[in-house]
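The structure appears below as structure tokens.
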Amino acid sequence: MALAASAVASFEWTVDAARELIRLRYDNHDDFEGFTASPSQCRRKWYSLKYGYNNLKRLDTIENPHD
């Protein structure tokens, strides 16, 4: 489920949320070994994937006369 931009903008990190993020990262540590992309590269890729997904969703809801 996609979050609305206002929901994302109003998100605040609680102590429990931060602990959960740390736990998830710890549990998935092996998946990050050897992964050489920088944080900014990951961020750009994430937003690119998100944009592409939202664009496909938008196109899927528009009636296409050429199907």
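Would you mind getting me the FRET efficiency between L21 and D60? Use the beta-carbon distance for r and R0 = 30 Å, nearest 0.05.
Efficiency for this residue pair is about 0.45.
Cβ under 13 Å from P39's Cβ, P39 left aside: what net charge do those residues give with Lys, Arg +1 and Asp, Glu -1?
Once all neighbours under 13 Å are counted, the net charge is +4.
If I model a spin label at T14 and Y53 as a point 7 Å from the Cα along the Cα→Cβ vector, what separation in nanometres do I get?
2.3 nm
FYI, it's all coordinate maths here, none of it is from the lab. Source: prediction; values computed, not measured. So basically every Cβ, Gly included, is an ideal-geometry build from the backbone, and we count neighbours across all protein chains shown.
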